[in-house]
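The values are calculated or read from the model by the stated rules, or taken from the named source; none is laboratory data. Predicted model only: the values in this text are computed from it and were never measured. Counting neighbours? That spans all protein chains shown, and the Cβs are built from the backbone with ideal geometry, glycine included. Ligands, DNA and RNA are excluded from the accessible area calculation, which covers all protein heavy atoms including side chains. Shrake-Rupley method; radii C 1.70, N 1.55, O 1.52, S 1.80 Å.
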Amino acid sequence: MKRKSIFLISLMFITLMSIYGVSGTMAKYVSSIDISDEARVAKWDIGITREIDLFRDSYYNEQGAKMVESGNLDAIVAPGTEGEYTFTITGVPETNYTLKIEVLEALDTVGRITYSLDGIYNNLDIKTLKFILENLLREDDVYPANKPLKVNQHTISWKWNFYENDDMDNLDTSKGESAITDHQDKNYNDQPMVKLKIKVIAEQSTKEANVNLN
C-alpha cells in the first residue's frame, strides 16, 4: 500500500511536470502597433483684392498741383481727370480650382469716359469693359493644387478727356450743373454717375488640372 502511494505521488509529479512543460511551449512573441492617422483641412490660399479704388475725391495735374477736389469726400470725376486700378489674384491652394470674374455692377451715365484694360483694350465704353472682364478667365481652366499662381494681374484705367471745344464744353458743363452733393436728395442716385463693382471667384474643382503653372 505504501509503495502504491509512493507510485501515485511519483506519477502525479511526473504528470504535473509534463503539464508545466507543455504550457511553457505555448508562449510566443507578440508585437503590437497602434495605427492612427490624422488629416487637416486642405489649405485654401487665394488672395483677391476686395476694394476697387478706381475713382478718387481729388485729382492733380501733371505739375502735381491739385485741380479737382470733392467738397464732401465723395469720389468724383470731372473733365481732365483719369485714374486706374490694379487687382491681383495670388495664392497656393492645396486643391485644384477654377477662377472667374463677375461684374456685379457697371454703370456709366456720364457718357464721356473711356476705359482701358491692361493697356491692350482701349477706348472702351463701360459695357464693353464689363464683357471683356467677364471673359478674361476661361471657365474650363482648372488650376493645379500646390502650384503658385503666376502673375495674374489686371489694370483697369479710365479717362475723361478735357476738350477745348464749345460743343464739348457745353455738354460737360451740363453734367456738372446737374451734380447733387446731398446724399439725402431723392435724385442723388439719378444724376450722372459711374459705378464699377467686380468680384473674383475662386472655386474648388474635382476635375483634373489643365493649366500649366510650371
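Filtering 142, 151, 194, 200 for residues that are open to solvent by 50 Å² or more (accessible area, probe 1.4 Å) and either over 20 Å from the mean Cα position of the chain (by Cα) or aliphatic (A, V, I, L, M) (or both) leaves a single hit, 151. With respect to the conditions (1) within 22 Å of residue 84 (Cα to Cα); (2) touching a Pro at 6+ places or on another chain (Cβ under 9 Å), residue 201 lacks only one, and its number is (2). Being touching a residue at least 12 places away in the same chain (Cβ under 8 Å), surrounded by 17 or more Cβ atoms within 10 Å (Cβ to Cβ) and under 21 Å from residue 76 (Cα atoms) is the filter here, so list the residues in segment 115-139 that pass it. Listed by number, the residues that qualify are 115, 116, 117, 126, 129, 130.
Within segment 83-101, the set of residues being under 30 Å from residue 180 (Cβ atoms) and open to solvent by 40 Å² or more (accessible area, probe 1.4 Å) comprises just one member, 84. Select from segment 54-64 the residues that are within 15 Å of residue 159 (Cβ to Cβ) and surrounded by fewer than 14 Cβ atoms within 10 Å (Cβ to Cβ) and list them in ascending order. Result: 60, 61, 62. Within segment 65-82, the set of residues being open to solvent by 60 Å² or more (accessible area, probe 1.4 Å), of a type in the set (A, V, I, L, M, F, W, C) and part of a loop (DSSP other than H, G, I, E, B) comprises 73, 75.
Residue count for segment 84-118, restricted to those that are under 23 Å from the mean Cα position of the chain (by Cα) and either within 15 Å of residue 152 (Cα to Cα) or part of a loop (DSSP other than H, G, I, E, B) (or both): 19. Charged (D, E, K, R) and in a helix (DSSP H, G or I): does that describe residue 150? Considered against the rule, which asks whether it is charged (D, E, K, R) and in a helix (DSSP H, G or I), residue 150 comes out as no.
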